[in-house]
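Read-outs throughout are calculated quantities, based only on the coordinates presented, and are distinct from any laboratory measurement. What you see is a predicted model; the values in this text were computed from it and never measured. Heads up, the Cβs are rebuilt from the backbone with ideal geometry, glycines too, and the neighbour counts pull from every protein chain shown.
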Amino acid sequence: MLSDVRAFNQLQMAYRRAYWKNDRLMRYRDLKLREIVRYAFDHVPFYRRKFRDLGINPTDIMKKDDLEKLPTICKDEIRAEPRDLILSNEYVTKNLRRLSTSGSTGKPLFLYVNDFESELRKAKHLRANIGCGQRPWHRWVNITAPHHFAEMSKFQKAVGLFTPTPVSVFADVSTQVSIIRRLRPDVLDGYSSSLLLLVKKLERDCVKDISPQFVLGGSELIDRYSREYIESVLDARFYDQYSTVEFDRIACECPKRLGYHIEVDNLILEFLDENNEEVSKGERGRIVCTSLFNFAMPFIRYEVGDIGIPSGELCTCGRTFPLMKMIEGRRDSILVTPDGKQLTPRTFTIAMSMFEHYSLIDQFQVVQEKLDRFVFCIKLKGYISSIKEDLFKAELVSHLENVFGFSSKEITFEVRFVDTIQLNVGGKLMAVVSKVRSTPN
Ligand SMILES: [Zn+2]
């Protein structure tokens, strides 16, 4: 309860910061940067080693521009470090919340957040939604993974009125449609790919009575065609929220449609060119982020893996957070099962991240070999005995059947241990690939 009250206070403060004058915001940001850099140096062996190797002291990093003195770090580098070296020595992992990425490359990363960061993340969610026009009395439906159900309700109950009704991302689209029709949402929220599948079903079945005031998508990049399609079928605005598991919300689209407001009061976002120099306004750059509050596991100059464009425009909505534009995501292929059920690649990566032994996996790839046959290629982090291998396989198959609601008669899940994961034809690492009929979404 105490944590919920704190989260509510965080929301109030976070909401006000979005309207602070630029000078005040930048002073606040640089103060928080100095704090996290000093903290990482004092308490996180990984950063202490890096700073020492470079001959840099925390006092050399006083403001955002000083960050260029530090190298950027990437996911593989963090994954390769022993946990003790990337976590603060002030925390015990059992007191932290563990999160895992379930990204499109099939390379899991585990990260840890303390209570403050957890509360801040919840406050950020609500701030973003309120910024898009959500009001306390709105009926709010969220298509999400079941493991997020519990964590939402506790906080939102404390806030009072912003309480989403979750719908499982794994439920069949027909089931989702019937639940959502009954709920009559004002705000429809979810993974962009799941929203797209839902909307396709609505159009096919001529369902007209789901009419939210607006739609909130996120967790994956969406292309313009898909966004416009969702808007036309639902006759509602679609607002995208750019987020990653490492940083949570990074930038959120504003109803004025001039771009995405960058969350500069809790992270520093850099757009870098091939020489690691900041690009000019309007130019494309690699997105590199520094979290200002994740003391349990600091991320300083972390390569997010996306491309964005800093904007020089000021927004007319009154919020002072700077704007950026996103580079559109590619259109993923939808996977189809023998009975015509459609599944997004995202559902597979989420299902994997929910597996009890996910932490043993170094890398994975899901391959749809036939309409009714999915092979899960697993590269483990280390050796396990053949008995444990058999147990692992049986437990993973049972987990997948349970999550997707398939019986082994309908769909075969096979688990195969491999030493390397294949790249696709374009040389990209893909977590989910299909060798059979698929439809672009
Ligand atoms: Zn705005």
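Stokes-Einstein at 20 °C, 1.002 mPa s, Kirkwood radius from Cα pairs: D for segment 51-207 in µm² s⁻¹? Intermediate values should be presented prior to the final figure.
Details: Rh = 19.2 Å.
Rounded to a whole number, D works out at 112 µm²/s.
In segment 290-391, which GluC sites (Glu not before Pro) are in a loop and have at most 10 other Cβ atoms within 10 Å, using DSSP for the loop call?
Working: sites: GLU303, GLU313, GLU328, GLU356, GLU369, GLU389; in loops: GLU313, GLU328, GLU356.
Passing both the DSSP loop test and the Cβ count: GLU356.
For the chain, the longest piece that avoids every one of the chymotrypsin sites (Phe, Trp or Tyr not before Pro) found in DSSP loops with at most 11 other C-beta atoms within 10 Å covers 138-382. Determine, at each q value in 0.07, 0.08, 0.14 (inverse angstroms), the log₁₀ of I(q)/I(0) that the Debye formula gives when each Cα of the chain is one equal point scatterer. Ignoring solvent entirely, the Cα scatterers give -0.35, -0.47, -1.51.
Net charge of the neighbourhood of VAL187, taken over other residues with C-beta under 15 Å away and scored Lys/Arg +1, Asp/Glu -1, is -1.
For the residue pairs LYS21/LYS281; LYS75/LYS379; LYS32/LYS122; LYS200/LYS325, the alpha carbons lie more than 22 Å apart in LYS200/LYS325. Evaluated at q = 0.09 Å⁻¹, a Debye calculation over the C-alpha positions of segment 1-140 (equal weights, vacuum) places log10 I(q)/I(0) at -0.38.
For trypsin sites (Lys or Arg not before Pro), the sites in segment 175-252 that DSSP calls loop and that have at most 16 other Cβ atoms within 10 Å are LYS208. Counting only C-alpha contacts under 8 Å and six or more residues apart, can you give the relative contact order of the chain as a whole percent? In percent, rounded to a whole number, it is 16.
Note the per residue figure in Å³ for the convex hull of the C-alpha positions in segment 333-440. Can you show the working numbers first?
Numbers: hull volume 10.5 nm³, N = 108.
Residue-normalised Cα hull volume stands at 98 Å³.
Sequence-distant contacts, meaning Cα pairs under 8 Å at least 6 residues apart, place the relative contact order of segment 167-307 at 13 percent. Where both bridge residues fall in segment 333-440, DSSP classifies roughly 60% of the beta bridges as antiparallel.
Just to confirm the filter: which GluC sites (Glu not before Pro) across segment 41-120 are DSSP coil and have at most 10 other Cβ within 10 angstrom of their Cβ?
On the way: sites: GLU68, GLU77, GLU90, GLU117, GLU119; in loops: GLU90.
Answer by residue number: there is no such site.
Could you give the Stokes-Einstein D for segment 222-271 in µm² per second, using the C-alpha Kirkwood radius, 10 °C, 1.306 mPa s? Answer from the Stokes-Einstein relation: 130 µm²/s.
Shown for CYS252, CYS74: other C-beta atoms within 10 Å of each C-beta, ranked fewest to most, produce the order CYS74, CYS252. Per-residue ellipticity at 222 nm, computed for the chain from helices alone with -39500 (n - 2.57) per DSSP H run of at least four residues, works out to -10500 deg cm²/dmol.
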